[in-house]
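First the structure, in the form of structure tokens, and then the observations on it.
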């Protein structure tokens, strides 16, 4: 559910365009020879470029990434690898919506595929967190997996921005498209890898953060044949009878309006100890998240305040709808519950998966999310395929560590350790440590190191 920590950045990135890529004279470089013939199956448009370095340190400020799209997701001091030569393919699949203005294409279902010259035989697929776009995971995931030799593919999920819910014709369509677009990209990326390197990937991993974590869960439940495993970082949980966003976010909106107490927040699932984070989340997350997802699944609830489209300024977009303070999901029509059922999770994962969630997540409370999803996996008798680590003092957005270095810790280094543990589990049958809590060290480099033990 990542949006933006800095409000001007939030609004600008959702409405801005990225300049069209310049002519890629580097396409003739020897290390990319012949790759101009690569074809992304099913793409409505693609463009291929050759780079001496595919990482964000080199691509920042060029049309081949979008620094505004990944703003606020990492803590200061995060160290990323550099110097990974290879080929990048940007493009989109046929779609009827036009929310993603990147490259001036004004076309959704955009993707990026990166192919390092030195390939390790693997592919990593992800989808944008929150309502971001295809480049949002570049510093968190792309840089490191490319340096390890993996091919990388990311999708904008088929719609983006605060008006994502306007895509589709019936409730739930926009989020259902997220899953379809991720499956589509995975199949296309596997084909491109085969064209580029001469054989299909030996291993394909699905991973993501927040809404990308939800995609990871859904893909491993519904298309385990495409993947060898996945890492789920604080994935959003949707279930038709709850918990889901609508069983706790209205309480947060009500508290913001002075109509609920701290005790009500705890009863809804918010973790005691996260109170210091609530003012920031009231400004950026609670109200906007409630109203745009309510507009996606329950558009008839308040037609005078349908979602982000009700506002034209940043303040108006982020402002709460008064009606959301009294939203009662349990009493909403069965049609609303059916819409959520279309995209819900079951816990029936078909491949190994590692889940990480911060104990101080103030947007997706751990008790109503990953704790519950872990129980769902157990109910499906799939616990042998799952490890679950609570990152003590972790919260939903790592950049908040910069504001509260004495109270929080970034989750990214734990995620990277977990990804390595997953690949070792899958490829070498080296089982990760038992599920449990990852304590916050009292010293050391919290921004770049983490042990699952």
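Just so you know, all these numbers are worked out from the coordinates, no wet-lab data involved. It should be emphasised that the depicted structure is a prediction, and the values quoted were computed from it without experimental measurement. Neighbour counts are summed over all protein chains in view; Cβ atoms, including those assigned to glycine, are modelled from backbone coordinates with ideal geometry.
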Practice item. Calculate how steeply helix 211-222 sits against the longest principal axis of the alpha-carbon atoms of the chain, using the helix alpha-carbon long axis, and give the answer as 0 to 90 degrees to the nearest 10. Key: 80
Exercise for review: Enter the angle in degrees (range 0 to 90, nearest 10) between the Cα long axis of helix 173-197 and the first principal axis of the Cα atoms of the chain, meaning the one along which they spread out most.
Suggested key: 20
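Based on the mean of other Cβ atoms within 10 Å per residue, sort peptides 353-362, 118-127, 277-286, 257-266 so the most packed one is first.
Values: 353-362: 25.7, 118-127: 23.2, 277-286: 19.5, 257-266: 13.9.
For the peptides 353-362, 118-127, 277-286, 257-266, the packing ranking is 353-362, 118-127, 277-286, 257-266.
Where does the chain land on the Kirkwood hydrodynamic radius, alpha-carbon pairs, in angstrom?
On the way: mean 1/r = 0.0456 Å⁻¹.
Its Kirkwood hydrodynamic radius stands at 21.9 Å.
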Point to revise | Peptides 292-301, 372-381 ordered by average Cβ neighbours within 10 Å, highest first | key: 292-301, 372-381
Review point. For the range 56-139, what is the per residue volume of the convex hull drawn over the alpha-carbon atoms, in cubic angstrom?
Key: 114
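How much length is gained if the chain between residue 62 and residue 222 is pulled fully straight, taking 0.36 nm per residue apart and subtracting their Cα-Cα distance, in nm to one decimal? Could the numbers behind the result be given before it?
Values: separation 160, 0.36 × 160 = 57.60 nm, distance 3.63 nm.
Here the segment from residue 62 to residue 222 would lengthen by 54.0 nm.
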Check your understanding: Which percent of the Cα-Cα distances in the range 7-201 go past 20 Å?
Key -> 52
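Only helical DSSP H runs with n ≥ 4 go in: add -39500 (n - 2.57) per run for the chain, normalise by residue count and round the 222 nm mean residue ellipticity to 500 deg cm²/dmol. Please report the intermediate quantities before stating the final value.
On the way: 13 runs with 129 residues, N = 453.
Theoretical 222 nm ellipticity from helices: -8500 deg cm²/dmol.
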Review point. What does the convex hull of the alpha-carbon atoms of the range 245-341 project to on average, in nm²?
Key: 6.1
Review point. Does anything in the range 90-119 have its amide N under 15 Å from the 7 Å Cα→Cβ label point of residue 197, and if so which residues?
Key: 113-119
Point to revise | Two-site label geometry, residue 430 and residue 383: point separation in nm, points 7 Å out along Cα→Cβ | key: 2.6
Revision key, fill the gap. In degrees rounded to 10, the 0-90 angle between helix 412-428 Cα long axis and the longest Cα principal axis of the chain is 60
Exercise for review: Rank by packing, highest mean first: peptides 232-241, 135-144, with packing defined as the count of other Cβ atoms within 10 Å averaged across residues.
Suggested key: 135-144, 232-241
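Given 0.36 nm per residue, what is the gain on full extension from residue 443 to residue 36 after removing their alpha carbon distance, in nm?
Numbers: separation 407, 0.36 × 407 = 146.52 nm, distance 4.89 nm.
Length gained, residue 443 through residue 36: 141.6 nm.
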